[in-house]
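All remarks here apply to the structure that follows.
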Amino acid sequence: MTEFIHKPYDKIYVRDMIKLDLDDLIGMMSSLESAHAYWVDGVLFASFAMTESEELAKKEMQNEMYLDKIIFAKYEEYTKTVKSSTNLEIGVLNMRKSKLYRDLIVWLKSQSIWNE
């Protein structure tokens, strides 16, 4: 039988964090092919990986990941969809059960941008 091993990343590097108001986040996400955002512990967000390259693939094999950016907005309660003041609507995926995303949000809330 095949052996399966769960091995989380050792490090995730985040190049940019962008705090948006809710309308701007919805507008940005609605223009993308997969118009949805993630929700964890009062934060609506999306993360964008850097463009794939051979060098990044090697880093991933060493248990490291590079994110180009994380965009986020405070959004206290989970809902299946969220609508902007101009009636744009996107889907919301509750990722609360993901340890990786819970850890990401704890880290994000500890950054100075959180209180800006």
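The slack between V14 and A57, meaning 0.36 nm per residue of separation minus the straight C-alpha distance, is 13.9 nm. Each of [x] 20, 17, 15; [y] 31, 17, 12; [z] 27, 16, 15 is a candidate for semi-axes √(5λ) of the Cα gyration tensor in Å; the one calculated from this structure is [z]. Placing dummy labels 7 Å off each Cα toward the beta-carbon, the span from F48 to E3 is 4.0 nm.
Sort out for me the Cα centre separation of the range 83-97 from the range 1-34, rounded to whole Å. Value for the Cα centre distance between the two parts: 15 Å. Excluding Q111 itself, what net charge comes from residues whose Cβ is under 15 Å from its Cβ, given Lys and Arg +1 and Asp and Glu -1? Local net charge: +1. Under the criterion of Cα pairs below 8 Å and six or more residues apart, the relative contact order for the chain equals 35 percent.
Counted over the range 39-116, the DSSP beta bridges are approximately 90% antiparallel. Taking Cβ atoms as reference points and 14 Å as the exclusive limit, the residues near Y78 contribute a net charge of +2, counting Lys and Arg as +1 and Asp and Glu as -1.
Net length available on complete extension from Y78 to D21 is 18.9 nm, with 0.36 nm assigned per residue and the Cα-Cα distance removed. In this label model, E116 and S85 are separated by 2.1 nm, measuring between points 7 Å along each Cα→Cβ vector. When peptides 106-113, 62-69, 88-95 are sorted by average Cβ neighbour count within 10 Å, with the highest value leading, the order is 88-95, 62-69, 106-113.
Coordinate-derived values only; no laboratory data. Model, not experiment: these values are computed from the prediction. So basically every Cβ, Gly included, is an ideal-geometry build from the backbone, and we count neighbours across all protein chains shown.
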